[in-house]
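Down below is the structure, laid out as structure tokens.
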Amino acid sequence: MITSKLPNVGITIFTQMSQLAASSGALNLSQGFPDFDAPQALCDAVGRHIANGHNQYSPMTGLPALRQQVAAKIARSYGVSVNADTEVTITPGATQAIFCAIQAVIHSGDEVIVFDPAYDSYEPSVALAGGRCVHVPLGGKDFAIDFQKLGEALSPRTRMIILNSPHNPSGALISRAELDQLAALIRDRDIYVISDEVYEHLVFDGVAHASVLAHEELYRRAFVVSSFGKTYHVTGWKTGYVVAPPALTEELRKVHQYVSFCGVTPLQYALADFMAEHPEHVEELPGFYQAKRDLFCDLLAPSRFSFTKVTGTYFQLLDYSQIRPDLNDVEMARWMTREHGVAAIPISVFYQNPLQEQRLVRLCFAKREETLRQAAEKLCAI
């Protein structure tokens, strides 16, 4: 007899909707991945390093050249210095980085605060560490932190708070002022922070990303997680990294070395080369994705959906309350996929207690122009 350690966990909504899109012949705007190629120079570098024999284990902490490029990018982007040897760890994806950070510091009975709607990997990782998630809903249509509710959720057992900015699924951003407010709230408490910043370079309209890396007080207690996959259009490479102060990095690496030991070696070599040769890629990324956001939203303007352009990520929320208010968002996402050929993600699955009146679905605009035009035509016909 099997006693499940995750009895309430099934197949993720991302897998479900991608499978439904495939079986229905629908355009898949549900799962967050580009349908266009990665930079050619990056792809060429992988083949070059495989041919050159870089196919064995890399160091557990990550290839030194890649860790150094991460530190250089952080210095350019946020004006702060991190030590590539003692503060940067390369991991097989950001999800694994988050898992290892949680396992490193959460003990049985500890509480971890997550903000709903919350990415679905957080709670299972906490449960496997013996902890318990405390869900604090984000407020209003702007999905902002409600600091009164956050303060009320804190207890002597609170050991961690997980932030996500730019936020999936809403696209909302945490401001520097909100980071200051959080720092003041937990200043005298023994609480760690995970800052999930995988969409750090997908911030639009001239707004600057407020990274925990650049917040000296919060960073002292934080694991900051990011993703090469999101930044360089290679989600299938499953390569990410985590930056943390030396003492926290040491604890994270104790776990990481027994989960995967190291990331894929030739991919790390290729990323290090590309980052050194093309630092402009990161600088151009906001404009690249903002153009896709604007095209998609302009194409959807005649539709019966209502929306506000997102300020970050490559996801756009659509309110369908004027179309099928009789359907909850899971039903709506399946109806859109089967009947209208566009797959979306219902956001209620990111909540512990879904908002009954909410009528929102999430669509990914990290797609070719042709795909976005086809999707918009189908959506405008609803």
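The values are calculated or read from the model by the stated rules, or taken from the named source; none is laboratory data. The structure displayed is predicted, hence computed values, not measured ones. No Cβ is skipped: glycine too gets one built from the backbone with ideal geometry, and neighbour counts run over all protein chains shown.
Every residue, every condition in (1) farther than 30 Å from Gln69 by Cα; (2) crowded, with 21+ Cβ neighbours inside 10 Å; (3) under 19 Å from the mean Cα position of the chain (by Cα), yes or no:
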{"site": "Glu277", "(1), (2), (3)": "no, no, no"}
{"site": "Gln290", "(1), (2), (3)": "no, no, yes"}
{"site": "Leu299", "(1), (2), (3)": "yes, no, no"}
{"site": "Phe315", "(1), (2), (3)": "no, yes, yes"}
{"site": "Asp319", "(1), (2), (3)": "yes, no, no"}
{"site": "Asn328", "(1), (2), (3)": "yes, no, no"}
{"site": "Val342", "(1), (2), (3)": "yes, yes, no"}
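State whether the residues of segment 275-286 include one that is closer than 16 Å to Gly62 by Cα and of a type outside the set (Gly, Ala, Ser). Looking through segment 275-286, at least one residue is closer than 16 Å to Gly62 by Cα and of a type outside the set (Gly, Ala, Ser).
Taking segment 331-340 as the range and being surrounded by 16 or more Cβ atoms within 10 Å (Cβ to Cβ) and touching a residue at least 40 places away in the same chain (Cβ under 8 Å) as the test, the residues that pass are Ala333, Arg334, Met336, Thr337, His340.
Residue selection: Phe115 satisfies the criterion of being in a strand (DSSP E or B) and surrounded by 16 or more Cβ atoms within 10 Å (Cβ to Cβ). Once segment 184-213 is narrowed to residues that are part of a loop (DSSP other than H, G, I, E, B), over 12 Å from the mean Cα position of the chain (by Cα) and touching a residue at least 60 places away in the same chain (Cβ under 8 Å), the residue that is farthest from Leu163 (Cα to Cα) is Asp205. For Asp120, state whether it is under 17 Å from the mean Cα position of the chain (by Cα), of a type outside the set (S, T, N, Q) and under 30 Å from Gln268 (Cβ atoms). Criteria met by Asp120. Taking first residues from segment 139-151 that are exposed (fewer than 15 other Cβ atoms within 10 Å of the Cβ) and partners that are in a loop (DSSP other than H, G, I, E, B) and at pLDDT 95 or above, the Cβ contacts under 7 Å between residues at least 6 apart in sequence or on separate chains come to Gly139/Asp146; Asp142/Ala172.
Please tell me if Leu42 is surrounded by 17 or more Cβ atoms within 10 Å (Cβ to Cβ) and under 30 Å from Lys367 (Cβ atoms).
yes
Residues are listed down the side, and each one gets a yes or a no for (1) farther than 27 Å from Gln257 by Cβ; (2) in contact with a helix residue (DSSP H, G or I) (Cβ under 6 Å, 6 or more places away or on another chain); (3) in the same structural domain as Ser260 (by TED's automatic domain parsing):
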residue	(1), (2), (3)
Gln103	no, yes, yes
Pro117	yes, yes, yes
Ser125	no, yes, yes
Gly139	yes, no, yes
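Taken over segment 118-168, the criterion of being part of a helix (DSSP H, G or I) and touching a Phe, Trp or Tyr at 6+ places or on another chain (Cβ under 7 Å) is satisfied by Ser125 alone. Residues that are closer than 22 Å to Val136 by Cβ and of a type in the set (Ser, Thr, Tyr) within segment 76-107 comprise just one, Thr95. Taking first residues from segment 43-57 that are in the same structural domain as Thr265 (by TED's automatic domain parsing) and touching a residue at least 60 places away in the same chain (Cβ under 8 Å) and partners that are among the β-branched types (Val, Ile, Thr) and surrounded by 11 or more Cβ atoms within 10 Å (Cβ to Cβ), the Cβ contacts under 7 Å between residues at least 6 apart in sequence or on separate chains come to His54/Thr265; Asn55/Thr265; Gln56/Thr265; Tyr57/Thr265.
When Ala84 is tested against the conditions (1) closer than 20 Å to Val243 by Cβ; (2) crowded, with 22+ Cβ neighbours inside 10 Å, the lone failure is (2). None of Lys238, Lys254 is in the same structural domain as Thr61 (by TED's automatic domain parsing), out of contact with any helix residue (DSSP H, G or I) (no Cβ under 6 Å at 6 or more places or on another chain) and either of a type in the set (Asp, Glu) or within 29 Å of Asp44 (Cα to Cα) (or both) except Lys238.
Looking at Val212, Val193, Val207, which one is in contact with a Ser or Thr (Cβ under 9 Å, 6 or more places away or on another chain), of a type outside the set (Ser, Thr, Tyr) and crowded, with 21+ Cβ neighbours inside 10 Å?
After applying the criteria, what remains is Val212.
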